[in-house]
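The values are calculated or read from the model by the stated rules, or taken from the named source; none is laboratory data. Nothing here was measured: the structure is a model prediction, and the numbers come from that model. Cβ placement follows ideal geometry from the backbone for every residue including glycine, while neighbour counts extend to all protein chains displayed. Protein only, heavy atoms only, side chains kept; ligands, DNA and RNA dropped before computing areas. Shrake-Rupley method; radii C 1.70, N 1.55, O 1.52, S 1.80 Å.
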Amino acid sequence: MNRVRLLVLNAALGALDYKLPEDTKVESGSVVIAPLGPRTVTGIVWDEGRLPGAEVDASKLRAIREVLPVPPLAEPLRRLIEWTADYYCAHLASVARMVLSSGGALGGPTTMTEYRLSGGTPERMTPQRAAAIEALDGEQATIRELAGTAGVSEGVLRGLVNQGVIEPVTVAIDRPYPPADPDFHQPALSSDQMDVAKTLVKAVEARAFEPFLLDGVTGSGKTETYFEPIAEAVRMGRQVLVLLPEIALTENFLHRFEQRFGTPPVLWHSSLKSTERRRAWRAISEGTAQVIVGARSALFLPYAKLGLIVVDEAHEISFKQDDGVRYNARDVSVMRARFEEIPVVLASATPALESLHMANTGTYTKLELPSRFGGAELPDIKLVDLTMEKPARGRWLSKPLIEGLEARLEAGEQSLLFLNRRGYAPLTLCRNCGHRFQCPNCSAWLVEHRLSARLACHHCGLETQPPETCPACGEADCLVACGPGVERIADEVAELFPEARVAVATSDTLGSPERAAEFIAHAEAKTIDVIVGTQLVTKGFHFPELTLVGVVDADLGLEGGDLRAAERTYQQVAQVAGRAGRGAKPGEVLIQTRHPEAPVIAALANGDRDAFYDAETDARRDAGAPPFGRWAAIILSSEDEKEAREAAVRLGDNRPHQDDLYILGPAPAPLALLRNRYRYRFLVNARRSANLQAVLNEWVGGQDYPPGVRVGIDIDPYSFV
Ligand code: ADP
Ligand code: ZN
């Protein structure tokens with residue numbers, strides 16, 4: 001039979017049948033182009049009998065146009081696509097799209113044209129042209145990418161191409177990556193590290209599914225330790241995927257990787273140029289890329305011979321994708337390892353409660369690194385009770401923290417102040433009339449950013465200039481900042497210690513790998529005395545001279561309706577505390593809080609991780625929360641408030657009634673307006689016995705909605721706004 005069923009990359013279409021032209025050969029997983037109406041569509045030949053769809057009469061079948069020159073997607077990956085779509089109630093096509101995420105890699109020539117400055121000058125120099133030429137110095141990329149870099153239109157650059165100021169360059173895209181040398185530089189491991197490394201090396205050799213939780217305190221050398229199984233996989237000619245939560249962390253990782261393996265790994269993240277993306281995708285699918293380091297999206301790439309997955313900082317919530325397919329890369333990694341029959345390592349000093357539970361119940365193998373490498377001690381943690389040690393009005397640092405900073409400055413050591421709030425102040429109001437500056441598109445305050453002189457919405461990205469007069473009452477120069485953000489803390493430090501060199505470290509200031517690298521270089525060269533940062537600087541970084549960590553407001557994360565608030569607070573504070581005293585000098589941590597008696601704060605102060613996890617586990621068990629039960633969020637939104645509300649009420653009226661399922665809602669979401677869409681939420685809590693996905697598909701999927709209403713299902717949600 002020459003009929004094939006395709007999974008086409010279009011969520012609305014699902015599965016479609018085609019016929020194979022004479023002498024065309026495909027297999028399951030082949031990537032093809034097929035006609036669709038007057039156009040064409042990309043599809044994947046799927047295993048017979050696994051995709052539902054109506055049988056079309058053979059005489060009506062159209063023929064596949066072309067088989068693309070890429071290796072067919074392997075069976076483990078096809079099963080992963082199915083599992084992910086099923087588990088997260090997503091379209092197969094949306095998941096498959098994440099696999100085929102480099103359009104360029106799927107066909108086309110093996111060379112590509114990029115552009116760069118030729119050294120010539122234009123006949124007529126305009127300020128715009130001059131600025132573009134300056135911005136493009138040393139750059140080489142496509143016209144579109146260069147236009148983005150230079151902040152001008154593609155037309156401006158095309159004009160410069162015509163004048164010979166910018167010249168085309170032919171690039172061979174598929175040139176191979178330099179090989180990693182597994183024996184380039186082997187560090188001497190401590191005996192704890194050696195034990196863990198041996199176990200992992202054995203697991204790589206065994207080529208069987210085994211999930212590990214690598215539970216090692218901050219500074220225990222988890223990276224050096226998991227480099228050993230990576231080296232073994234490379235020796236065996238197999239590929240390794242290392243997932244990192246944050247692009248700002250890759251710089252540090254690349255550096256260490258290069259020292260160990262003599263060459264950098266292959267990178268995968270969203271800001272790769274299209275040529276780099278294409279080169280990486282092809283090398284990954286052909287098996288010539290050995291070690292791939294990437295953000296969560298690297299998980300769905302078509303590895304030819306994966307031998308190991310490592311998820312570093314596995315507790316991080318940035319592994320959860322909050323739009324499109326709402327998957328958690330930590331959990332999907334374990335599933336991928338299962339389908340590929342390989343080991344997977346979840347590494348963390350503060351594992352997710354779910355992961356720890358799996359390890360404690362024997363589903364995952366637990367490996368521990370209980371002490372810091374090289375004899376460094378874990379830092380001494382003290383609480384500062386802000387109800388007793390009140391900072392001055394309009395100030396946020398208490399006396400003990402100020403004294404700690406002063407002592408470090410005198411000793412020439414570094415300090416880190418942690419506050420998980422970007423910008424200068426979370427709220428701005430008019431002193432005269434009390435008007436609060438709110439985002440017009442979202443139910444959220446605009447956040448003042450003094451460094452960029454903007455008011456910004458952290459939800460939709462809107463940015464405006466702060467007005468000179470109040471838009472409500474017309475009063476001039478009347479804006480007051482309420483509450484602190486990192487920039488304001490940095491100002492406070494600068495006022496207290498004018499000679500201190502202060503750096504603000506947030507996604508605004510370290511947004512690109514280059515800027516992150518620059519920051520790390522400064523911190524390592526000790527040209528920064530005080531770092532003021534958000535969660536971005538809580539993990540991964542290793543600055544030996546950093547001896548004081550101050551947590552400006554430990555209570556911040558405990559506010560609001562986040563069901564994992566206590567766990568997240570624990571993780572953030574324990575991680576940031578872990579930045580202190582990593583070198584020869586001991587570290588000290590001061591935690592400012594108004595609730596020293598709160599169990600999570602007390603556990604942090606006592607260094608009693610087990611007590612915290614035990615109490616939190618009990619609370620989760622009582623509430624039927626993960627890992628003992630399951631949650632799902634359903635979000636309905638529309639630009640029309642009434643339409644959103646009515647759709648939500650109707651969905652609520654049709655809710656299923658089952659003993660093992662509790663449905664809360666509908667209620668207006670805490671972010672009731674987001675990007676101009678009104679939002680209503682349900683929260684579903686299911687016992688383990690309930691088939692959550694089936695129920696949701698029938699209930700939520702079985703309902704008709706007005707065309708303006710969007711419905712999203714979020715399984716195991718991490719966002720509750
Ligand atoms: P973790 O990720 O567990 O917090 P790191 O991997 O950052 O810890 O290790 C802490 C520091 O100790 C790093 O600078 C690392 O290079 C160093 N280190 C760890 N293990 C070794 C080793 N076996 N030999 C030399 N240096 C090591
Ligand atoms: Zn907004």
Residue 169 and residue 12 label points (each 7 Å along its Cα→Cβ direction) are spaced in nm at 4.2 nm
Normalised contact order of region 400-519, rounded percent, pairs of Cα under 8 Å and 6 or more residues apart:
25 percent
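How much net charge surrounds residue 517 when only the other residues with a Cβ under 15 Å from the Cβ of residue 517 are counted, with Lys and Arg +1 and Asp and Glu -1?
Taking every Cβ under 15 Å from that of residue 517, the sum is -4.
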Which value, in Å², gives the accessible area per residue of region 623-721 when a 1.4 Å probe is used on the protein heavy atoms?
46 Å²
Filter on 19/60; 222/539; 390/539; 202/539 - keep pairs with C-alpha separation over 18 Å
390/539; 202/539
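Considering only the chain, what is the antiparallel percent among its DSSP beta bridges, to the nearest 5?
Numbers: 62 of 113 bridges.
Antiparallel: roughly 55 percent of the beta bridges in the chain.
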Restricting to DSSP H runs of at least four residues, report the calculated mean residue ellipticity at 222 nm for the chain, -39500 (n - 2.57) per run over all residues, nearest 500 deg cm²/dmol.
-9000 deg cm²/dmol
539, 198, 60, ranked by accessible area, largest first (probe 1.4 Å)
60, 198, 539
Under a 1.4 Å probe, counting only protein heavy atoms, residue 678 has an accessible area in Å², nearest 10, of 80 Å²
In what sequence, highest mean first, do 284-296, 2-14 appear when ranked by Cβ atoms within 10 angstrom?
284-296, 2-14
Can you bin region 594-721 into rounded, prolate or oblate? Criterion: square roots of the alpha carbon gyration tensor eigenvalues sorted a ≥ b ≥ c, rounded for a/c under 1.5, prolate for a/b above b/c, oblate for the rest.
oblate
Measure of exposure for residue 408: accessible area at 1.4 Å probe, Å² rounded to 10, is 30 Å²
Alpha-carbon gyration tensor eigenvalues x 5, square-rooted, for region 396-519, Å
30, 18, 11
Label-point separation (nm) for residue 361 and residue 263, each offset 7 Å from Cα along Cα-to-Cβ?
4.4 nm
As an exercise, use a Förster radius of 30 Å and the Cβ-Cβ distance of residue 161 and residue 254 to find the FRET efficiency, rounded to the nearest 0.05.
0.35
Tell me the net charge near residue 571. Cut-off is 10 Å between Cβ atoms, residue 571 excluded, with +1 for each Lys or Arg and -1 for each Asp or Glu.
0
Using Cα pairs closer than 8 Å and at least 6 residues apart in sequence, work out the relative contact order for the chain, in percent.
11 percent
Near residue 642, which aspartates and glutamates are there with a Cα under 20 Å away, not counting those fewer than 8 places off in the same chain?
653, 704
Along region 27-34, Karplus-curve 3J(HN,Hα) (6.51, -1.76, 1.60; θ = phi - 60°) to the nearest Hz, with x for Gly and Pro, reads 9, 4, x, 4, 9, 9, 10, 10
Could you sort the peptides 630-636, 51-57, 205-211, 462-468 by per-residue average Cβ neighbour count (10 Å cutoff), highest mean leading?
630-636, 205-211, 462-468, 51-57
Taking Cα atoms, the helix 250-261 axis meets the longest principal axis of the chain at an angle in degrees (rounded to 10) of 70 degrees
Taking the square root of 5 times each eigenvalue of the Cα gyration tensor, what semi-axes in Å does the equivalent ellipsoid of region 111-172 have, largest first?
18, 12, 10
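Given a Förster distance of 60 Å, report the FRET efficiency between residue 659 and residue 124 from their Cβ-Cβ distance, rounded to the nearest 0.05.
Details: r = 78 Å, r/R0 = 1.29.
Computed FRET efficiency for residue 659 and residue 124: 0.20.
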Need one value: the accessible area of residue 373 in square angstrom, 1.4 angstrom probe, rounded to the nearest 10.
110 Å²
What distance in nm separates the two pseudo spin-label positions at residue 514 and residue 23, each 7 Å out from Cα along the beta-carbon direction?
5.1 nm
Around residue 376, under 13 Å between beta carbons, what's the net of Lys plus Arg minus Asp minus Glu among the other residues?
+1
In whole angstrom, and with the biggest value first, how far do the Cα coordinates of the chain range along each principal axis?
83, 76, 68
When the accessible area of the chain is split by element with a 1.4 Å probe, what percent falls to carbon and sulfur?
49 percent
Show 675, 39, 687 ordered by accessible area, largest first, where the area counts protein heavy atoms only and the probe is 1.4 Å.
39, 675, 687
